[in-house]
Amino acid sequence: MKLLHVHSLPLKDVIIDLAALFKVDYTRNCGEYSVKIPSTWGTGSIKGINFQGGLGLLIYDCNFNTDVEIHFTVNDIHPLKFLYCLQGKISHHFENHTDEHPLSNYQNIIVASKGNDGHVLKFLKNEQTEIYSLEINRKLFKSKMACELGKAKPNLQEIFNDDLGDKSFYYNGLYSLNLAEIFEEMKNTNFDHLIGKIFSESQSFRMLTQQLIQFDDDSNEDADRIILRKAEVSAILEAVEIFKAELDMLGSISSIANRVGLSGNKFQNGFKTLYGKTANEYIQFLKLSLAKDLLVNTHDSIQEIKYKIGFNSHSYFSQLFKKMYGVNPSIYRQNYLENKKMNRSQKDDK
């Protein structure tokens, strides 16, 4: 285990400290500071940038060749931290406390330490790790948003009002699909100088906005939550693969939701958000698409095709097929074969 002790704020000084500890130079691009991790420690980089109003962003993209703990210790109130794990896993704990707060893919935590207690981040050996840390100086943020904070919901006021660090704060959740899209935009968009700084700042405030919307949503019961989380999207995509693999013998939607770790309501609501149709409608679409392919690419009878896609009623199958493709299955196959024969004949004539 290697230890790194950082005793500075704001974030530009954090990067300068880290560079000194790594015994390498840091780079500065206007207000963005970054340090490349030396090969003796691993690979990757750590970047930091401060914005107006007490907001700042640290981005860790690293793979250490040994376990590493970064201790953030200053003789002052520490920033409020919003930590997001895009890849890998780390753990967080407050200075002088042993309770660890694990953070892995698709998860986020909000942490604020008590008094001058610091923060400790532990990175695991040979673990490619990508962490976004949105950091807020609550005193500066409150002075900018005093009126708005005074009218905010109590659960949102709780996050920001303790600018003297009277107590610690910890929240954990799964970050939303909207937040995931923000991270992707930030990773895949590269502007220089003026536009780059404005883009990074606007994205950081978007990140904060979506986080507060999600935090408020998380205060509801699970069945009443409306925001789709990135991890839930992955679970729904896993369910779609189950649909495709087991189309002829699918269990109930609730049983499949259970297999991928979601409640029935969360699965159905999330599915409708992602695909614009219910899970049952999507399964019906898959079955009829497969039926169409079997009609034109095999010699299976319609009776055999009906059973292969999991239908028992011939009339119901024909009714749904006609609704989707305009004709019943037998006519669809007949039309296809006639068109195929005509095309072949036209080729022969040439």
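Ordered by 1.4 Å accessible area with all protein chains kept, M145, M207, M186 run largest first as M145, M186, M207.
Per residue, the accessible area of the chain comes to 52 Å² when a 1.4 Å probe rolls over the protein heavy atoms. When the Gaussian network model of the chain links Cα atoms closer than 10 Å, the mean-square fluctuations of L320, L55, L11 top out at L320. For E238 and K308, a Förster radius of 25 Å and the Cβ-Cβ distance give a FRET efficiency of 0.60, rounded to the nearest 0.05. In this simple spin-label model, placing a label point 7 Å from the Cα along the Cα-to-Cβ direction at both S315 and I213 gives a separation of 4.8 nm. Summary of the geometry: region 130-172 and region 26-94, compared by the centres of their Cα atoms, lie 20 Å apart.
Charge tally around E127: other residues with Cβ under 10 Å, Lys/Arg +1 each, Asp/Glu -1 each, net +1. Working note: Karplus 6.51/-1.76/1.60 with θ = phi - 60° gives region 9-14 the couplings 8, x, 5, 4, 6, 4 Hz, where Gly and Pro are set to x.
Each part reduced to its alpha carbon centroid, region 257-316 and region 205-243 end up 25 Å apart.
Leaving out ligands, DNA and RNA, and with a 1.4 Å probe, what % of the accessible surface on the chain is carbon or sulfur? Carbon and sulfur: 49 percent of the exposed surface of the chain. Taking the convex hull of the alpha carbon positions in the chain and averaging its projected area over all directions gives 25.7 nm².
Between H101 and H92, H93, the built amide H atoms are under 5 Å apart, and every one of these is 5 or more places off in sequence or on another chain.
The values are calculated or read from the model by the stated rules, or taken from the named source; none is laboratory data. Fair warning: this is a prediction, and the values are worked out from it, not measured in the lab. Methodologically, a virtual Cβ is constructed for each residue, glycine included, from the backbone with ideal geometry; neighbour enumeration extends over all protein chains shown. SASA here: full protein model, heavy atoms, side chains in, ligands and nucleic acids out. Shrake-Rupley method; radii C 1.70, N 1.55, O 1.52, S 1.80 Å.
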